[in-house]
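Q: I'd like to ask some things about the structure below.
The values are calculated or read from the model by the stated rules, or taken from the named source; none is laboratory data. All values derive from a computational prediction rather than experimental measurement. Positions of Cβ are backbone-derived with ideal geometry, glycine not excepted, and every protein chain shown enters the neighbour counts.
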Amino acid sequence: MDKAEIIRLLELYSKGELKLEETAAKLSSGGLEEMGFATLDTDRHRRTGIPEVIYSEGKTAQQLAEIAGRLHARGIPILATRATREKYEAVLEQVPGAIYHELARAIVYQAEEKAIPEKYIAVVSAGTSDMPVSEEAAVTAEFLGSRVERIYDVGVAGIHRLFNRMDIISNAAVIIVVAGMEGALASVVGGLVDIPVIGVPCSAGYGANFGGVSALLAMLNSCAAGVSVVNIDNGFGAACQAYLIAK
């Protein structure tokens, strides 16, 4: 629990909105809040710089809504990844003002606007079919407080499109490259810049793409120095890594 959270709890107690026993229980919880079906890590942001984030797949709409509502009550910003619109509607009942990003499949709620840094993260997508993963990365990075520049549909099948955007790409603090098919774009970008490149292999592609495995292996075998790789379709993980590097 960080200083701001402690002050918020004490203010609620002083206003009579929290009882003494409830305030003491929250202050002594060690950053854990039990819900039976979930255990919230309310101290994660202080420890890691990234708040508790909800992975929505496998959770019912009611479970997701209850978790989001509990985070909201604690003043913790909300990001729920891989969420459907049905689950968003359930969350909206608990968290008025929550926003659903359709393409990214992400639910976002932030009570306060964050200062936007001058340096930015470039999210580079090989093709339009990679955009759901690219948008998950972009929305996550923005949620964390990063400035994001999107450069989409610049894959190697028409590599002149990439060269036309290199001024934006080469001035980024960190570059996230999302590519399906053969996943070559990460190596190409890595060979052109002196900036950390995070490759995100994407499951978009025909049968021999094996659901992103071919792109994953290609990126892992990149001969370009400075390219790291996250899991298939893991735009969220790439954004967290990029945010921490840029910070």
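Q: Identify, please: which residue in the stretch 194-247 is closer than 16 Å to Glu136 by Cβ and in a loop (DSSP other than H, G, I, E, B) and is, among those, farthest from the chain's Cα centre (by Cα)?
A: Ala204
Q: So, one more: Only one of these is under 21 Å from Ala179 (Cβ atoms), under 18 Å from the mean Cα position of the chain (by Cα) and touching a residue at least 24 places away in the same chain (Cβ under 8 Å): Val108, Val123. Name it.
A: Val123
Q: Can you pull out the residues in the stretch 32-80 that are of a type in the set (Phe, Trp, Tyr) and at pLDDT 75 or above?
A: Tyr55
Q: Could you tell me which of the residues Val154, Val177 is at pLDDT below 95, more than 30 Å from Arg46 (Cβ to Cβ), touching a strand residue (DSSP E or B) at 6+ places or on another chain (Cβ under 7 Å) and surrounded by 16 or more Cβ atoms within 10 Å (Cβ to Cβ)?
A: Answer to the check: Val154.
Q: So Lys114 clears everything in (1) buried (at least 24 other Cβ atoms within 10 Å of the Cβ); (2) in contact with a Leu (Cβ under 9 Å, 6 or more places away or on another chain); (3) outside any helix (DSSP H, G or I) except one condition, right? Which one?
A: (1)
Q: How do the pairs read when you match residues in the stretch 231-242 that are under 12 Å from Ala179 (Cα atoms) with residues anywhere that are part of a loop (DSSP other than H, G, I, E, B), using Cβ under 7 Å and keeping only pairs 6 or more apart or on different chains?
A: Note: pairs meeting the criteria are Ile232/Ser203; Asp233/Cys202; Asp233/Ser203.
Q: Please work out which one of (1) touching a residue at least 60 places away in the same chain (Cβ under 8 Å); (2) in contact with a strand residue (DSSP E or B) (Cβ under 6 Å, 6 or more places away or on another chain) is the condition Ile169 fails and give its number.
A: Only one criterion in (1) touching a residue at least 60 places away in the same chain (Cβ under 8 Å); (2) in contact with a strand residue (DSSP E or B) (Cβ under 6 Å, 6 or more places away or on another chain) is unmet by Ile169, namely (1).
Q: Residue check: is Tyr100 aromatic (Phe, Trp, Tyr) and not in a helix (DSSP H, G or I)?
A: Against the criterion (aromatic (Phe, Trp, Tyr) and not in a helix (DSSP H, G or I)), Tyr100 qualifies.
Q: Looking at the stretch 192-208 only, could you name the residues that are without any contact (Cβ under 8 Å) to a residue 40 or more places away in the chain and in contact with a strand residue (DSSP E or B) (Cβ under 9 Å, 6 or more places away or on another chain)?
A: Of everything in the stretch 192-208, those that are without any contact (Cβ under 8 Å) to a residue 40 or more places away in the chain and in contact with a strand residue (DSSP E or B) (Cβ under 9 Å, 6 or more places away or on another chain) turn out to be Val193, Ile195, Val197, Gly199, Pro201.
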